[in-house]
Amino acid sequence: MGAQKKGAAARVSEDAEDLARHPLQAILLADSFTTKFRPITLERPKVLLPLANIPMIDYTLAWLESAGVEEVFVFCCAHSKQVINYLENSEWSSHPNFSVSTIESHDSTGAGDALRLIYERHVIHGDFVLISGDTVSNMSLTQALQEHKERRKKDSNAVMTMVVKKSKHSPITQQSRLGTDELFMAINPDTKELLCYEDKAEYSKGFISLDKTLIADNPSIVLHNDKQDCYIDICSEEVLSIFTDNFDYQHLRRHFVKGLLVDDLMGYKIFTHEIHSSYAARIDNFRSYDTVSKDIIQRWTYPFVPDVLCGNSAIKVERQGTYRASEVTLSRSAQICPFTVIGQGTKIGNDTKISHSVIGEGCSIGSNVTIEGSYVWNNVTIEDGCQLRHAIVCDGVIMKSGAVLEPGVVLSFKVVVGKQFVVPAYSMVSLLQQPTQQDSDEELEYADSSSAITGAVDKVNGDATSDLSETRYGPTSELGTGGVGYIWSIFEGGNDEEWRHSVAPIPTDKLAKIMLEKDKDEELLTQDGNVVSPSGDLKSDSDGNASDNNDNEGSYVSFEKEVEATFLRAVLENHEVDNAILEVNGLRLSYNLASVDCAGAIFYSMMKWAVESSHNARASELHKNAAAIITKWKKLLKYYLHGIDEEIEVILKFEEICLESCREFSPLFPQILHLLYDKEIIQEEAILRWADEKEGADESDKVFVRQSESFLQWLREAEEEEDEEEEEEEEEK
């Protein structure tokens, strides 16, 4: 593991006596009590699924240790033996000053049961951190703990502090980048007390009901739909007793948090702590698995990244965010693109291309294979000519020659895809037949059946004759000649929109359909008539009046950052231009801005990426990078340039960029301006009008006009020649 030990530095300062009496403890829930990762979690617990080739739970434990936690109780339910065995055989079993213990249950159906059982064990002796084992963070707990303890001194009813982070949802899909539904919170901005907590499903009917007494009791309230719940909670001991007193509380948010917020009798309170520069995210579905994996590879989670957690000797970080373990056999003609992880002992054949993907340990990848945006786990065999795009491939899978995985496919453990078979988009494939009920208890039933699964596969791989296809665990031929596995159908009454939570980018046609169906006039109404738009916040002043927060100073800066993030995702994930246009359009509607604002923000994003993707300060490489980016994404920029005025605004934006954010471009201004002209992004008229409008300006405002004088003179002469030719043609007529 080798995680950096920052515990002593990060601990909250308390009296020595108190610290000795109450070491900081944590409860880690190793069972998510959901079915979102099926069929994979029927065979392996989610906390042991790999993130950049490291089990999820290792990221959570490494963070808890660094944050000053000294004692962790890991609650295990489904596949509990796998979790216990992993921890007992890991370095966590022998870490000094950091104790990891397990609490096992075989009949808990939710977080409520887990916390009630822990309460009965009498192991928690003070404030504790509550977290699930699928959470990745690098935040410091110091300030949040201090705030929590100070509140507790003043008000014993302050039983929980929830960590939140700003994360504006997509105005098109009403989801965050993690694939979670839009979340609505009402928070007192002065005290940070949480007053209301609703997810999209609970206010999908078009309104949110707020009690009038909230405004009466809280002179200032801000309503948010731009907050991400990080699922990191600092709790007092009372939280455990509250669950014990309320046996109908099972879900942490839907039951416990909402229950406390509406319970006037006991007066318990929940507060929020917002983080800004730190990272925190929970892996709640396949889309967040993809998003968090990319964040780890791009080192947003530092120091919790593969090379640090594994030790620098085990895996090396190479140029452009590529991670390569030792003993990798790579053909000379193979191409490994940026932001890719290659695990130890993996072999890659001729002319194979791997981009934006994670490849596990001990994999055998043949020749002429294409892997894009995919997650291939350990000991996978991919034969020649296969294609994988935005898929998850679990341990032991075999893809025979020419097989194709369309976007969104999930292949569970030891599945075999037949020769040249095409697995349809968003298919879930397993050696297990699909459960007849969508019940998380099924995972407890399947947990003890791994021997039957393994036996069935071994017989097929050994070419033994068997009629196991009639059993629950038997192989089938649904995956072509020689294929082994069941393709699950959509469960009746279940979610038929897999694309929302898939590792695959949302298809352009789906985004277009959503935008067409979206009601632009949709509003959410409170009981007292205040309006809460889905695209903004509502703030109530001391008189109970509502005022729109959309026009806050710096809203364009926020918009520009969101466009930059959208553009960066489009670049790194190789999105289609039309897809990027839909996302930027959604942001434009959300911020109520014009097309020209989009053009400026997009051009800024392009130029900034050109600088960041350059490996040195040489002007030639910077110009080359900028030319490549402008050429590839000119359709995106051109889409928002409807006339000469918008084109002039882009030139003015470029001046601003050269003077402030990307000064590296200052000496290259004329060359980039010429490039924009050559690519037919900015017309001659716009360039000449920009120069003419600078005539009466101060000399300091003419820097780039002076720099571009040769190019401007060339344009003017070309314009004069064109005018003369037109006159001659007129005379001939």
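Bear in mind that the values in this text are calculations on the coordinates, not laboratory data. What you see is a predicted model; the values in this text were computed from it and never measured. Cβ atoms come from the backbone with ideal geometry, glycine included; neighbour counts cover every protein chain shown.
As a proxy for reagent exposure, THR370, THR352 were ordered by neighbouring Cβ count within 10 angstrom, fewest first; the result is THR370, THR352. Rounded to the nearest 0.05, what FRET efficiency is calculated for SER101 and SER710 with R0 set to 51 Å and r the Cβ-Cβ distance? E between SER101 and SER710, to the nearest 0.05, is 0.10.
Can you sort TRP488, TRP690 so the residue with the fewest Cβ neighbours within 10 Å comes first?
TRP488, TRP690
Defining a contact as two alpha carbons under 8 Å apart and six or more residues distant in sequence, what relative contact order in percent does the range 555-730 show?
Over the range 555-730, the number comes to 19 percent.
For the pair THR244 and ASP701 in one chain, pulling the backbone fully straight at 0.36 nm per residue adds 157.6 nm over the alpha carbon distance.
Put simply, the amide H of GLN335, placed in the peptide plane, has neighbours under 5 Å in THR352, LYS353, ILE354, leaving out anything fewer than 5 places away on its chain. Scanning residues 5 or more positions from TYR323 or on other chains, those with amide H under 5 Å from its amide H are GLU318, THR340, VAL341, ILE342, with H placed 1.01 Å from N in the peptide plane. As a calculated quantity, the FRET efficiency between SER401 and GLU327 at R0 = 25 Å, using C-beta atoms, amounts to about 0.50. Per-residue Cβ neighbour counts within 10 Å put CYS77, CYS658 in the sequence CYS658, CYS77, beginning with the fewest. Label-to-label distance, ALA627 versus LYS419, with points set 7 angstrom from Cα along the beta-carbon direction: 4.7 nm. The calculated FRET efficiency for the pair SER666 and ASP692, based on their C-beta separation and a Förster distance of 22 Å, comes to about 0.50.
Amide H contacts of ILE221 (H built 1.01 Å from N, in plane; Pro and chain starts excluded): SER540 sit under 5 Å, all sequence-distant by 5 or more or on other chains.
Potential lengthening of the chain between GLU91 and SER220 amounts to 41.6 nm, from the contour at 0.36 nm per residue minus the alpha-carbon distance.
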